[in-house]
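Asker: Before anything else, here's the structure in question.
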């Protein structure tokens, strides 16, 4: 949606369509960076809130194997 609006704004300003193609090529890289920053921020805030509410399981948090198939097999009876 953002690129469609950007294309409309650039057309109204009088920039050529080739400029839109250039922005489309670069935006994919920028989008991946924005996504990584968004996920990192979400995970950080979730951890802070869980710790402040006393809901953070430090054993799981500090376990490097948590969330892997190894940890699932280890915890099964």
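The values are calculated or read from the model by the stated rules, or taken from the named source; none is laboratory data. Since we're looking at a predicted model, the values are computed, not measured. Cβ atoms come from the backbone with ideal geometry, glycine included; neighbour counts cover every protein chain shown.
Asker: Which condition breaks for residue 22 when tested against (1) modelled with pLDDT under 85; (2) surrounded by 10 or more Cβ atoms within 10 Å (Cβ to Cβ); (3) in contact with a helix residue (DSSP H, G or I) (Cβ under 9 Å, 6 or more places away or on another chain)?
Answerer: Answer for residue 22: the failing condition is (3).
Asker: Follow-up. Provide a single number: the residues in segment 38-54 that are under 8 Å from the mean Cα position of the chain (by Cα) and either loosely packed, with under 10 Cβ neighbours inside 10 Å or farther than 30 Å from residue 4 by Cα (or both).
Answerer: Residues that pass the stated criteria total 0.
Asker: Yes or no: residue 73 modelled with pLDDT under 85 and surrounded by 11 or more Cβ atoms within 10 Å (Cβ to Cβ)?
Answerer: no
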